[in-house]
Each structure stands twice: as C-alpha cells, then as structure tokens.
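Take a look at the structure below.
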Amino acid sequence: MGNKKLLRWDTGVWVGTAEVCGSRSGIQLRRTCALLSSSSESSPAPPAGVTPSGRCHAPACRAVPMGRWGRAGQGQGQHKTEEFRKVNVLMKVPALKDGSFTLAESIAILLYLVQKFKTPDHWYPADLQKRARVDEYLSWQHTNIQLPQTQLSVLLPLITGQPLPPEKLELATEELNVALKEFEEKFLQDKPFIAGSEVSLADLVALVELMQPVCAGYALFEERPALAAWRSRVEEAVGKELFLEAHQDIMNVKNLTADQFAPELLESFKQHLLKQN
Amino acid sequence: MRGGSGRSVQSRGSSRRAGRVGMGLELYLDLLSQPCRALYIFARSNNIPFEFKHVELFKDSVLGKKPAAASGAEQPRAGPSNSEGAGKVSLLKKVPALKDGDFTLAECTAILLYLSRKYNTPDHWYPSDIQQRARVDEYLSWHHTNIRANAPKTMWIKVLIPLFTGQPLPSEKLQEVMEGLSTSLKQFEERFLQDKAFIIGSEISLADLVAIVELMQPVGVGCDIFEDRPRLREWRRRVEDAVGKELFFQAHEMILNIKELSNIQIDPQLKEQLAPVLMKMLK
C-alpha cells in the first residue's frame, strides 16, 4: 500500500522512490535523474558506450513523461511494496536495483548512474580538481543544507500532525541562512557554477535541495541576487521546461493532505521525523 | 588483508615530511578530529608525500593556554601553530584542509578521493569496479547522517562541555547519544559489514577508514563501543592490521589521551562565549 513508484528504465535499472513527503530525497533523486538525463540526451557528442543508434541509453526516464511513472494505485500497492522491500532491506528510499545489485543513498545512486551511463563529462568532470570541487560540495551539503532544509519542510507538520515549534523553525532558518552564505562565499564565489564554467552534479543536487524550502514558502532567492542568477543558469543548463516539470510535485505540495499517505507509512515517517526534532 | 601499507612506519622524526618540503601537498590537520585522522592514516599508509600542517583546533580557536609541561604523548608538529595558514587555506575555517599549490580543498571525503586519484593508490581503497565503488559511496553518504550524527557528541558531552561549563552534563544526554549511536552501529553491522571482512568485501577501503576513526572517538572518552560487539571488534582489528598497527595508534594517540585536555586553563570569557555554541552542538 502507499504511493510507491518503481521506475523502470530500458536498461533494466529500477529506481524506487516513494511519492511521500518523508522521502523528499526520493522525489529529489527522481528529479535529479530527470534533469541529468535531459542533458545527456542533448549532448552533441555521445559518450562512449552508447547504443548503435547513437543515443545515450541512459536516462530513458527522460523519455517517459512524468505522468507515466507508474503510480502504484490501490490494489497494486501490495505487490509493489513486496518488490520494493526486496530492493532495499531497510525499506528506505531512494533505492536502486540493477540486476541483483541494490543501492541506497541518493548521492551514491547519482554517482553510480553517472558512471554507468557515462553522462557528459561536466556532470562529474574527469579533471581532478573540478571533480574534487563537486565531491567537496556533495560532502558538505549533507549536514549543512540537507539537515536544516528538512526541518523547514512544510510537509513536516503534515505528517507529524503538529506545527513546528517557532523556536525550532527559527533555529532551522538561521542554520539554513548561514549555510546559504557559506554556499555563496565558498562554493559558488564568482563562478557561474560550483565546479567552474559548466553545470555539474553539485549544482543539480544543490538546487533541487534548495527548491524544497522555496516551495514551502521560504523565498530564499529573493534577497540573494547572486544565488538567483546561479539558479537561472542551472535551469537554463538543464532546460527551463524540464526543470519546472520536475518540480511540479513539490510546487504543489501544499495540496497534499495526510489521507493520501498509507497509514503505516505515515506513522513510520512521523516517528522518524519527531525523533529528528 | 594488507592495504597499501606493506612497509613499516618510519621513525617519528623523519616521518613528518616524507617527500619534498615546502612545495607540493600540504595537509592541515588536528588529530583530535576524526576526519583528520582518516586523512593522516590514508596519506601515510600510501606513502603520499605531504607536509603536516598542525592546526590545534582547541588551542588556536577555542581554548586558552596549554600548560608548559610536556605531556607524555608526543604530538606531531611541523613547527609553530599554523592556524593562520589553515584559516587562509580554507574559507570554511575547519580541518581537515588540503593545499596543493594554488588548489585548496576541504571536506574529508573530497580530499581522500582527490589523493586516491592523484597518487593512484591501490584500487581497493576506491575500486574502479562501479558496483564496489558504489558501496563505498553509499557508506560514505550514510556515515554523515548516522555515525557522524552521534559519535562526535560523546566527546563533547564527556569532555569538552564539562571542561567549559565546569559541570558534567546530566546522564540522560549521554544516554540519548549512546542510544542513537547504538542504533547506527546495529545498522552498520547488519547492513554494511554483515559477515564480510571489510565493508566492500575482502579488502579495506575508504569506507572502513572513515568509519573506524569516527568510532574511536567514543573509545577515547571512555565509551568503548567495541566492548560488547565482537564482530565490530574483529573488524577493527583487521582495519588496524591493514593500515599498520603503529600508524593506527600514532594517529589515535591524542584522542586516546584526551584526558590531558582537562589540564588546560580556559579563559572565563571564552567559557561564557562558547557555552551557547556548545549547547547547540548537542541538538
């Protein structure tokens, strides 16, 4: 039961995401994959290992419009849940399954996909120093962006049934503000993108993560022109239309109500989130 | 299983700078910090030439003066404190930090990966096989939000905060942290280690290194998490063997003698300034 989605790609790689708030990382992974894939397809020089037709085999999920990413409805839910359980023994999302190989943790999944499908170099540059910049950001963001950002999620009160206490909200906002300052001063500086002149996984992960509080009503780009400019560049790099499409779900998050989630899922996320606070 | 550490560790004097001096790689480290230990062990174990730039986190940024009496433990130094250097190196003002010519880098994982690539360390550290590699990435990612969420707090609760506030913390605080850590350790054993010798299989990798240094933190402050966990204990022994026992203990000397910190005099103003910051650390 529950709104779980299993994405099937042509290559037989399954990525499980759960269309529920608590798995914002699952939703974000899907978004990131979609954005990643769009760029792969438009790459002028197909990377090594492509199919004879010359198209990058990867992200066939790009070719599948969002709407067709099999929403597991009532009745089908049970079966899908069991399959999903096999994929990830800890019932966590996001998860990837490639043959008998299963993988969790969104950063690990992204890196795996990038390497397996040999996406264009700029996503995870071969250049040692540029790659290090991407790694640096991906590491830093775990505790500095992800953590405070999670606490600002509008979905939190929805799941826990309680509004976020104002002092916690204040603390989380303050932490996020500090992180954004560091992001601008240390990671972005006066470069167009984190790794330099081209968009990379770092920018993608950063922006997708920052869209979360934005969609919760925290206008963090408003008084940060440099960040806003960077955001435009990232959207441009992946294609504005796709970017918006990928964020549709989270932009409409306010329309979500608690009854759309399976009760046991809701309960389990509630426990998890309450503990974090 | 041996990692890249077939040779024995050199004597302390000469091992400070194994390679070119003045130019080339600099690592800004304080061995009280877990990520710094991972880097130190990795670089030394792989004979990567670097200049050890000692940053004393607590002396330079936080605490007052250390007593003049030399402690029993010899501490690795490369001359006077280089906190200013580290400050310039890393805008994040943290350790660890790397400086390679004009290139500066922070974040332990990023630095480990950079070093492994630049110096072509043995494959098992970060395998070229993408599935094995993914296992390392998976662990490194999970580590941040799980082990690293609780293990460091043991030091704050048992040593640093009492040092600053002059009072021990209520036992529930430690209890809470140890419970969180316990949950993470259970997951570590069941999901990552299982019944393998190391996280990715039969050979040590960056994942094991990053994990072990973190778990030594509670050990240093008297919370021996290996005590009732035979499987973890065995894994620890294998990791020590793989990097070289002498190197391992050299890297951990400071944290294992952390009680010396309590001899340090702290400026009362500093104490006042830092109390809210320290309490925040517990959240």
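The values are calculated or read from the model by the stated rules, or taken from the named source; none is laboratory data. Only a predicted model underlies this, so the values are computations on that prediction, with no experimental measurement involved. With ideal geometry, Cβ positions are generated from the backbone for all residues, glycine too; neighbour counts draw on all protein chains shown. Quick note on the areas: whole protein, heavy atoms, side chains included, nothing else; ligands and nucleic acids left out. Shrake-Rupley method; radii C 1.70, N 1.55, O 1.52, S 1.80 Å.
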Check your understanding: List the pairs whose first member sits in the stretch A:207-225 and is of a type in the set (Ser, Thr, Tyr), whose second member is outside any helix (DSSP H, G or I) and buried (at least 19 other Cβ atoms within 10 Å of the Cβ), and whose Cβ atoms are under 8 Å apart, counting only residues at least 6 apart or on separate chains?
Key -> A:TYR218/A:LEU152
Review point. Hey, among B:SER81, B:SER116, which residue is at pLDDT 80 or above, within 22 Å of B:LEU25 (Cβ to Cβ) and more than 10 Å from chain A (Cβ to nearest Cβ)?
Key: B:SER116
Exercise for review: May I ask you to list pairs of residues, at least six apart or on different chains, whose Cβ atoms are under 6 Å apart, with the first in the stretch A:165-183 being more than 11 Å from chain B (Cβ to nearest Cβ) and the second being hydrophobic (A, V, I, L, M, F, W, C)?
Suggested key: A:ALA179/A:ILE145
Practice item. Can you confirm whether the stretch B:120-143 contains a residue that is over 30 Å from B:ASN46 (Cα atoms) and open to solvent by 10 Å² or more (accessible area, probe 1.4 Å)? Key: no
Review point. Do we find a residue being in contact with a helix residue (DSSP H, G or I) (Cβ under 9 Å, 6 or more places away or on another chain), at pLDDT 90 or above and of a type in the set (A, V, I, L, M) anywhere in the stretch A:161-174?
Key: no
Revision key, fill the gap. If we keep only residues of the stretch A:100-117 that are free of Cβ contacts under 8 Å to residues at least 12 places away in the same chain and over 17 Å from B:LEU113 (Cα atoms), then the residue farthest from the other protein chains (Cβ to nearest Cβ) is A:SER100
Point to revise | Hits in the stretch A:94-117 - residues which are surrounded by fewer than 21 Cβ atoms within 10 Å (Cβ to Cβ) and of a type in the set (Asp, Glu) | key: A:ASP98
Exercise for review: Sort out which residues of the stretch A:118-134 are facing another protein chain (nearest Cβ under 9 Å) and open to solvent by less than 10 Å² (accessible area, probe 1.4 Å), and write them in order of number.
Suggested key: A:ALA132, A:VAL134
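For the stretch B:201-215, what are the residues that are within 14 Å of chain A (Cβ to nearest Cβ) and closer than 18 Å to B:HIS144 by Cβ?
Correct list: B:SER205, B:LEU206, B:ALA207, B:VAL210, B:GLU214.
Matching residues to (1) open to solvent by less than 70 Å² (accessible area, probe 1.4 Å); (2) among the charged types (D, E, K, R); (3) in contact (Cβ under 8 Å) with a residue 40 or more places away in the chain:
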{"site": "B:TRP156", "(1), (2), (3)": "yes, no, yes"}
{"site": "B:ILE161", "(1), (2), (3)": "yes, no, yes"}
{"site": "B:PRO168", "(1), (2), (3)": "no, no, no"}
{"site": "B:LEU193", "(1), (2), (3)": "yes, no, yes"}
{"site": "B:CYS223", "(1), (2), (3)": "yes, no, yes"}
{"site": "B:LYS245", "(1), (2), (3)": "no, yes, no"}
{"site": "B:PHE249", "(1), (2), (3)": "no, no, no"}
Exercise for review: Look at B:ILE204 and say whether it is open to solvent by less than 70 Å² (accessible area, probe 1.4 Å), modelled with pLDDT of 95 or more, β-branched (Val, Ile, Thr) and not in a helix (DSSP H, G or I).
Suggested key: yes
Exercise for review: Confirm whether B:SER71 is modelled with pLDDT under 90 and in a loop (DSSP other than H, G, I, E, B).
Suggested key: yes
Check your understanding: Out of (1) within 12 Å of chain A (Cβ to nearest Cβ); (2) within 20 Å of the chain's Cα centre (by Cα); (3) in contact (Cβ under 8 Å) with a residue 24 or more places away in the chain, the odd one out for B:LEU181 is which?
Key -> (1)
Point to revise | Selection count, the stretch A:103-114, where residues are closer than 16 Å to B:ASP129 by Cβ and not in a helix (DSSP H, G or I) | key: 1
Review point. Of all residues in the stretch B:98-107 being more than 7 Å from chain A (Cβ to nearest Cβ) and either at positive phi or in contact (Cβ under 8 Å) with a residue 60 or more places away in the chain (or both), which is most open to solvent (accessible area, probe 1.4 Å)?
Key: B:LYS99
